[in-house]
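*Asks:* The structure under discussion is supplied below as C-alpha cells; questions concerning it will follow.
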Amino acid sequence: MKKRHVGLIIYFGFLLLPIYWLLTMSLKTNVEITGSLTLWPERLTFANYVTILTDPAWYSGYINSFIYVAMNTAISLSVALPAAYAFSRYKFIGDKHLFFWLLTNRMAPPAVFVLPFFQLYQTVGLFDTHIAVALAHCLFNVPLAVWILEGFMSGVPKEIDETAYIDGYSFPRFFAQIFMPLIKAGIGVTAFFCFMFSWVELLLARTLTSVEAKPIAATMTRTVSAAGMDWGTLAAAGVLTIVPGALVIYFVRNYMAKGFALGRV
Amino acid sequence: MNKTENNKAWLLVLPVVLLVAFSAIIPLMTVVNYSVQDIFGPGEAYWVGTEWFEQTLRSQDLHGAFIRQLIFSGTILLIQIPLGIAIALAMPARGWTASLALVLVALPLLIPWNVVGTIWQIFARGDIGLGGWFVNDVLGVPFNYTANSLDAWITVVIMDVWHWTPLVVLLCYAGLRAIPDAFYQAASIDGAGRLSVFRYIQLPKMRGVLLIAVLLRFMDSFMIYTEPFVVTGGGPGNATTFLSQQLVKMALGQFDLGPAAAFSIIYFLFILLASFVFYNVMIRVGRGGDA
C-alpha cells in the first residue's frame, strides 16, 4: 500500500466518523445514549424515526423545506439563464459593474439582511410563507447561478448562435431548442448548487417563518425540552436531512467537480 | 470570446436585476435608514447622524469579534488549502473509486449547517460523543468545549475543516483533471520527479481554481454563523463569538437597531472592499495565467 492511500483512508475516516456516530445514535434509545458509550446500538430501535415520520410537527418541516428549495431553484434558474446568456455573449453598458454588483450579493453576510428582511416581508404580507424564503435565498443563489451558467455558456462556440440565426431561428426558439440542450450539464449543475445552498441555509429561513413554513432545520430545536435533550430523535432528524443531499450528489457526481470550479475549468 | 456590442442585452438581465434589487437594495436601504436614526417606535425617529457609527467603531465587543474573526478565517485557510490540495492529489483519477471518493468527499457540503453543528456538538461531547470520549478517556487529555475556550476553539476549527475542506478538494480535483496527459508524458520524458511535476505543472494549472477556493473560503468563513451558534453558542463567554453572531445578538437579541445597522454597514463595506480586491486580482490572474 502506498503512503498516499494511507493518508486518504485517514481523511475519509475523519470525514465519516462523525456521520457514523450520528447514525448509530439515531438507532439507539435515549437510555443507552446517556447511559454508556457503545460503538454500535445494543438494542436496535427505529422508534426515533417512527416519531419523526408520524408526527406532523416533525415531517411538515421536511415538506416545508422541500417546497421552498424547489421554488428557489425554479426561480433562480429561470431568471439566471437569460442573464447568463447576455453576460457570455454581449457587451453592454455597465456589464462589468453589474456582474460585480451581483457577486457582492453572494458575498454579503446573511446576518446583515436578517432584520430588514424580517420587516420587508412582514410589510408586504409574505411573512411565514414558502415564497418568502425562496425569494430571500435568491439573494445568494441568483448571482451564483449566473456565475456558473456564464462559465458553461462561454464554453459553447459563438458560431453555433450565428448559424442558428442565419437559419432563421428566433431567439427564444434557438435558446430553448438548440442552446439549452447544449448546456444541459451546466443547467443540472446549477440546479444542484441552488438546491444545495437553499437546503443548508438556516438563518434566513428561520427568521422569515414561524409556523406555516417552518423549515426542518428550525424544527430540530424542538428536541430541547424540560425533560432534557431528546438526543435520539435529534440524531434521527439529522440523518434524514442528509439523505436528500446524498441522493442529489449521486446524480451529479460526474459534473460536480467542474461545477464547483464554477464552470471555468 | 469576442463579444458583440448590444445594449438590448439589458433586457435579458432585467429580471435578475429586478429580483436582486428587491431582495438586496430595499433591505440595504432600510439598514442605512436605521443607522442614522434613533427609533423609539413608529413615527418616532430622531436623526443622530454618525453617532452609531462612532459608537460601533469604538465598541470593545466588536473589536474582539473582529479580531477573533480574522484569527478564525486565517487559521482555517492555512489548514484547508494545503490539506485540500493534498487530498485532491491523492484521490483516484478514474474508475468507480473516483466516483465513490467524489460522492463521499462532497457529503459534508450537502448537510444543513445546523445539522453540521449538531453532529459536532454530539461528537465532541465528553459524555456521549465518540470524539470527546476518545480524547478524555483514551488519550487522557481533559477536553470540554463548553467550559474551556481553547477546547471550544479547537472544536469549531476542526468542525470547519471537516465541513469545508471538501470544497477545496473538489475545486483542486477539477483543476487537476483539466490537465492533458501530454503534460505528464512530457514531464516523464524529461525525467522530472514527483515534486517538480507538482511545482511546475500541477500547481500553475491549479492557480485559477485555487484562487476561487481562497476567495470562497475567505468570504464564507467571514460570515459563519450557524455552526458555532449550535455548537458553542458563541461561548464560553465570548470566546467563539464571530462577527455574524455579534450582529444577530445586537439586532434580534437586544433589538439595538441603530448600532446593529451601523455595524451591518461597516461589515458589508469591509467584505465589499475585500471582494473587490480579490475580484480584480482574479480577473488579472485569469487573463494572464489561465493557459
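*Asks:* Do we find that B:D127 is at the interface with chain A (Cβ under 9 Å from one of its Cβ atoms) and in a loop (DSSP other than H, G, I, E, B) in this structure?
*Replies:* Spelling it out, B:D127 is indeed at the interface with chain A (Cβ under 9 Å from one of its Cβ atoms) and in a loop (DSSP other than H, G, I, E, B).
*Asks:* Run down B:L57, B:L77 and say which single residue is over 30 Å from A:V133 (Cβ atoms), assigned to a helix (DSSP H, G or I) and touching a Lys or Arg at 6+ places or on another chain (Cβ under 9 Å).
*Replies:* Criteria check complete, one pass: B:L77.
*Asks:* Oh, and also: Filter the range A:122-143 down to the residues that are closer than 12 Å to A:N64 by Cβ and under 13 Å from the mean Cα position of the chain (by Cα) and list them by number.
*Replies:* A:V133, A:A134
*Asks:* Going through A:Y90, A:Y62 one at a time, which residue ends up being closer than 23 Å to A:M153 by Cα, surrounded by fewer than 22 Cβ atoms within 10 Å (Cβ to Cβ), of a type in the set (S, T, Y) and touching a Leu at 6+ places or on another chain (Cβ under 9 Å)?
*Replies:* A:Y90
*Asks:* Then there's this: What tally of residues in the range A:88-134 results from selecting those that are in a helix (DSSP H, G or I) and either hydrophobic (A, V, I, L, M, F, W, C) or not assigned by TED's automatic domain parsing to the domain that holds A:G186 (or both)?
*Replies:* Going through the range A:88-134 one residue at a time, the tally reaches 19.
*Asks:* Give the residue that is surrounded by the most Cβ atoms within 10 Å (Cβ to Cβ), with candidates limited to residues of the range A:18-54 that are of a type in the set (D, E, K, R) and modelled with pLDDT under 85.
*Replies:* Only one residue fits best here, namely A:E32.
The values are calculated or read from the model by the stated rules, or taken from the named source; none is laboratory data. No experiment lies behind these values; they were computed from the predicted model shown. Cβ coordinates were reconstructed from backbone atoms using ideal geometry, including for glycine residues, and neighbour counts include every protein chain displayed.
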